[in-house]
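The values are calculated or read from the model by the stated rules, or taken from the named source; none is laboratory data. The model shown is predicted, which means the values in this text are computed figures rather than measured ones. Neighbour counts are summed over all protein chains in view; Cβ atoms, including those assigned to glycine, are modelled from backbone coordinates with ideal geometry. Each accessible area value is taken on the protein alone, full model and side chains, heavy atoms only, with ligands, DNA and RNA left out. Shrake-Rupley method; radii C 1.70, N 1.55, O 1.52, S 1.80 Å.
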Amino acid sequence: MEIFADYLAKIPNPDHRKRVEEILAWIMDKYLQLQPLIKWNTPMFSDHGTYIIGLSVAKEHVSIAPEGKTMALFADAIAKAGYSATNLLFRIRFDEPVNYDLLAEIIEFNIKDKADCKTFWRK
């Protein structure tokens, strides 16, 4: 979690900081093969050099960004979970629970779908 320490320290609300730290720790604990990193001032995870998922913090929510292809495939599940979304990310408000089952499905899809990917982003 040390890699994310500076990022987390910049989140002014301690409750929001704790929530983001919990999500990052959950990903790190569940997906040991993923490499945690900071790129573009954003915490993210990669697998064999390809992007899997990233997070960013706004005033009222944490954004989860799994790439457009994944967002399109999981759009219905994301909406059913009650999260607002764009083409590239979905938002989990700080006052609502994290659907870790959905997050796991998204991460596992990206790991499998990008198993042979040689680039950071999908082409």
Legend entry - Fraction of accessible area attributable to carbon and sulfur, region 40-123 (%, probe 1.4 Å): 54 percent
Legend entry - DSSP-assigned coil residues among trypsin sites (Lys or Arg not before Pro) in region 1-97, each with at most 16 further Cβ atoms within 10 Å: Lys10, Lys59
Legend entry - ³J(HN,Hα) computed for each position of region 18-35 - Karplus, 6.51 cos²θ - 1.76 cosθ + 1.60, integer Hz, glycine/proline x: 4, 4, 5, 4, 4, 5, 4, 5, 4, 4, 4, 6, 7, 10, 4, 6, 7, 8
Legend entry - For region 97-104, 3J(HN,Hα) per residue [Karplus equation, 6.51 cos²θ - 1.76 cosθ + 1.60, θ = phi - 60°, Hz, x = Gly/Pro]: x, 8, 8, 5, 5, 5, 4, 4
Legend entry - Karplus 3J(HN,Hα) series, Hz, for region 71-84 with 6.51 cos²θ - 1.76 cosθ + 1.60 (x for Gly, Pro): 4, 4, 5, 9, 4, 5, 5, 5, 5, 4, 6, x, 8, 7
Legend entry - Alpha carbon centroid spacing (whole Å) that separates region 104-122 from region 30-74: 11 Å
Inset, instruction - Subtract the Cα-Cα distance of Leu73 and Ala115 from 0.36 nm times their separation in residues, and report this length gain in nm to one decimal. - result: 13.4 nm
Inset, instruction - Please report the relative contact order for the chain, taking Cα pairs under 8 Å with a sequence separation of at least 6, and give it as a percent rounded to a whole number. - result: 20 percent
Legend entry - Spin-label model distance (nm) - Glu60 vs Arg122, 7 Å beyond Cα toward Cβ: 2.9 nm
Inset, instruction - With a Förster radius of 41 Å, plug the Cβ-Cβ distance of His48 and Asp95 into 1/(1 + (r/R0)^6) and report the FRET value to the nearest 0.05. - result: 0.65
Legend entry - Gyration tensor (alpha-carbon) shape descriptor, the chain, a/c threshold 1.5: oblate
Inset, instruction - Quick one: which residues, 5 or more positions from His61 or on another chain, have an amide H under 5 Å from its amide H? H modelled 1.01 Å from N in the peptide plane, none for Pro or chain starts. - result: Phe94
